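Each remark here refers to the structure printed beneath this line.
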2 protein chains.
Amino acid sequence: MSNTYFTPGPAELYPTFNQHLQTSVNEQIGSISHRSQRFRDIYKYTDEQLRTLLNIPATHDIYFMGSASEVWERMLLNCVEHESFHLVNGSFSRKFYDYAQSLRKFAYIAEKPFGEGFDAADVDVPEYAELVALAHNETSSGVQMRPTEIHKLKRKYSKKLFCVDMVSSAPYPDLDYSLIDSAFFSVQKAFGMPAGLGVWIVSETCLEKAERLQQYDSMTIGAHHTLPVLHKHYQTFETPATPNVLFIYLLGKIAADLNKIGINAVRKQTEEKARQIYKFLEQTDGYAPFVNEERHRSQTVIVANTTRPANEVIGAVKEAGMIVGSGYGKHKEGQIRIANFPATSAEQVGKLLDRLKQVG
Amino acid sequence: MSNTYFTPGPAELYPTFNQHLQTSVNEQIGSISHRSQRFRDIYKYTDEQLRTLLNIPATHDIYFMGSASEVWERMLLNCVEHESFHLVNGSFSRKFYDYAQSLRKFAYIAEKPFGEGFDAADVDVPEYAELVALAHNETSSGVQMRPTEIHKLKRKYSKKLFCVDMVSSAPYPDLDYSLIDSAFFSVQKAFGMPAGLGVWIVSETCLEKAERLQQYDSMTIGAHHTLPVLHKHYQTFETPATPNVLFIYLLGKIAADLNKIGINAVRKQTEEKARQIYKFLEQTDGYAPFVNEERHRSQTVIVANTTRPANEVIGAVKEAGMIVGSGYGKHKEGQIRIANFPATSAEQVGKLLDRLKQVG
């Protein structure tokens, strides 16, 4: 019997995933050369589908990386000479900050307690910060920063580069790429694929910065997956190293399926399911939403406090063939995390909530 | 109709690949958490199978990376303070050298013309070089450096760290890991998998060096996939970032299949098929082995000069459902590359040679 995964990534595979995987087997996608026209067509197709889905303009390239964590490093190496600024409100936004320190950048931090989120009005960007790094969705704490707030902040600090972590929310956030210089996500979250591919969206402005930094004798922007080299290969829809061709193919197919539904409908379905879950958490004994402020509540990774020990709740739900995530790190004992990705339907969510009610 | 791929990677999938892929679908491997016991068991299993197959001792860890190209950078960042030394005899060994320059290391080079290989006696390692980087198998030119020669060189320069690129030959080379500090490969070559996973084998000595470099105030060993962090997570068979869980699972299964055959038999089969191919190239009008010196001829990526324009040969072979690789870079016009990986049987090789004979 197969389980339904409500885990925040790796997560439930998108319903069409296995069918696309079978097609890829039939078409021998795993064997084709990454220097062939067939591959260039695949990259182009996936690029087009992602552009449509996320409304990405021609000013931005789309690159395929090993993981979103790799993007943290690439962004800092390629776009920060001295100083970066990090809005930290959970473990993943903190790791971006930690990477900056490991790379010997001067990293500023603005921090909120776990479970709280940022609004534009809260934030003063330091004068010499070159990059503002923030998470649209904090996978660890279930906190979001609304795109309107992100856009407002960028308008106030228009000279700074803005990089948005949307690892566990894309394609949900409606980012305006005339304001956002870079964003990135992983495919094992809301795109319903296995882990093993990061997607990096990058503007011309970032590329120009990297090219400038590369001129400095004392400076290295790294060797692998640098922006100038990624950009050069992107001109012909190729990649510098052999990429995960199969996953790029599958991502294009799933993005196309989401485009058939339409991004507005996908977002509306996400919000409806989130409303259903938060309402349940507020009204049901044994549960409460962890994030207090409604505007900061993630629509895609929902964190709940449990009255019973969380591992008992998780175990009891699992008996009914459903897997929910544990709380992050030290929050394992009293929290569960419920992913609300396009791969799980309102009906499946309803079934989960029924079960949670029985066992809470 | 499906084709048989004799391309040097991505390549023909291992005959059991699709069956393991189906099992992974049934077991929902794409959805399991990388922080679960199930994942730790998978990592441990793949680690054990690779250890058996490649005879890797407990002094060495095995890490999973985005690609082999990523390993070039990690090796240089983590194990070279100032100076590296590169044996360059083709495009991929040159890229390792290029990476060292991009990272502002002082990189020495010893170079051979395209199609020629190194023996230990040819090589003087510069006094202050910390790392000797060499390719067991140059995918671009079809040249190998025999393990006995690699070992001989290391014995002469025992204080230097040796890092062996076996991207397109592992598990073929019988490396002695009491001598070799680090080696790496990609799964889309001789392991018969789709691209998207690099494997990095690293000794304690490399780890100690990385830890030492990390102490220096002025020095960064990078932020992503650093040796100290990889090693720490490896203690519990975990990874710092979400890895390609599915491919790690599949690699373990294919390594196990190769272990069932036995590494000695796998190597012998490889050598027999290589002998068959080289003999054909020497005896058949229209073809000649590109690499003159027999001891430098790769057993896994065989480069042939063609009398007819290479693209005509490739096209004519393709009509019979077989795909051979084109020559690398500027050698496209007069060369083909034939991969000789475990995924293709002696019978399939025979069929390819028959066809090549007809169309040469």
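Bear in mind these aren't lab numbers, they're just calculated from the coordinates by the rules spelled out. Keep in mind that what you see is a predicted model, and the values were worked out from it rather than measured. So basically every Cβ, Gly included, is an ideal-geometry build from the backbone, and we count neighbours across all protein chains shown.
The Cα center of the range A:82-147 and the Cα center of the range B:25-71 differ in position by 32 Å. Taking 0.36 nm per residue of separation and subtracting the current Cα-Cα distance, fully stretching the chain between A:LYS156 and A:GLU204 would add 15.2 nm. With contacts taken as Cα pairs under 8 Å and at least 6 residues apart, chain A reaches a relative contact order of 24 percent.
For the range B:17-260, what Kirkwood radius comes out of the mean inverse Cα-Cα distance, in Å? Please list the in-between numbers first.
On the way: mean 1/r = 0.0547 Å⁻¹.
Evaluated over the range B:17-260, this radius sits at 18.3 Å.
The calculated 222 nm mean residue ellipticity attributable to helices in chain B amounts to -12500 deg cm²/dmol, summing -39500 (n - 2.57) over DSSP H runs of n ≥ 4 and dividing by all residues.
Filter A:LYS279/A:LYS332; A:LYS189/B:LYS95; B:LYS44/B:LYS156; B:LYS152/B:LYS330 down to the pairs with a C-alpha to C-alpha distance above 26 Å, please.
Result: A:LYS189/B:LYS95; B:LYS44/B:LYS156; B:LYS152/B:LYS330 exceed 26 Å.
What does the charge count near B:GLY325 come to, summing +1 for each Lys or Arg and -1 for each Asp or Glu among other residues with Cβ under 11 Å from its Cβ? Neighbourhood net charge equals +3. Of all DSSP bridge pairs formed entirely within the protein assembly as shown, close to 55 percent run antiparallel. Placing a pseudo-label 7 Å from each Cα along the Cα-to-Cβ vector at B:THR284 and A:ARG275 gives an inter-label distance of 6.8 nm. Here the range B:205-276 and the range A:295-355 have alpha carbon centers that stand 34 Å from each other.
Here the Gaussian network model covers chain B, with springs between Cα atoms less than 10 Å apart; of B:VAL317, B:VAL303, B:VAL25, B:VAL25 fluctuates the most. The fewest-to-most ranking of A:ILE254, A:ILE261 by surrounding Cβ atoms within 10 Å reads A:ILE261, A:ILE254. When the Cα convex hull of the protein assembly as shown is projected onto planes of every orientation, the mean area is 29.0 nm².
Local charge for B:ASP176 was computed over the other residues whose Cβ lies under 15 Å away, with Lys and Arg +1 and Asp and Glu -1, and equals +4. Shown for chain B are the DSSP H helices of 15 Å or more along their axis, judged by Cα atoms, with a mean Kyte-Doolittle hydropathy of at least 0.0: B:68-79, B:245-261. Rounded to whole Å, the principal axis extents of the Cα atoms in the range A:31-73 read 29, 25, 16, largest first.
Using alpha carbons only, the radius of gyration of the range B:53-164 set against its Kirkwood radius gives Rg/Rh = 0.94. Among B:TYR278, B:TYR328, a tally of other beta-carbon atoms within 10 Å of each Cβ gives an order, fewest to most, of B:TYR278, B:TYR328.
If you take the square roots of the eigenvalues of the alpha-carbon gyration tensor of the range A:141-279 and sort them as a ≥ b ≥ c, do you get rounded (a/c under 1.5), prolate (a/b over b/c) or oblate?
Oblate is the answer for the range A:141-279, as a/c is 1.5 or above yet b/c matches or exceeds a/b.
Cβ-to-Cβ counts within 10 Å put B:HIS151, A:HIS86, A:HIS233 in ascending order as A:HIS233, B:HIS151, A:HIS86, the fewest first.
Modelled spin-label separation between B:TYR216 and B:GLU81, with each label point placed 7 Å from Cα along the Cα-to-Cβ direction: 0.6 nm. Sorted shortest first, the separations between the B:HIS82 label point and its copies elsewhere in the assembly read 2.8 nm; each point sits 7 Å from Cα along the Cα-to-Cβ line.
Charging the Cβ of each Asp and Glu at -1 and of each Lys and Arg at +1, and nothing else, the dipole of chain A about its Cα centre rounds to 500 debye. Prolate is the label for the range A:125-178. Its Cα gyration tensor axes, ordered a ≥ b ≥ c, give a/c of at least 1.5 and a/b above b/c.
B:TRP72 sits among other residues whose Cβ lies under 10 Å from its own Cβ, and their net charge, with Lys and Arg +1 and Asp and Glu -1, is -2. Once you sort the root eigenvalues of the Cα gyration tensor of the range A:1-65 as a ≥ b ≥ c, which label holds: rounded (a/c under 1.5), prolate (a/b larger than b/c) or oblate (the other case)? Note, shape of the range A:1-65 comes out oblate.
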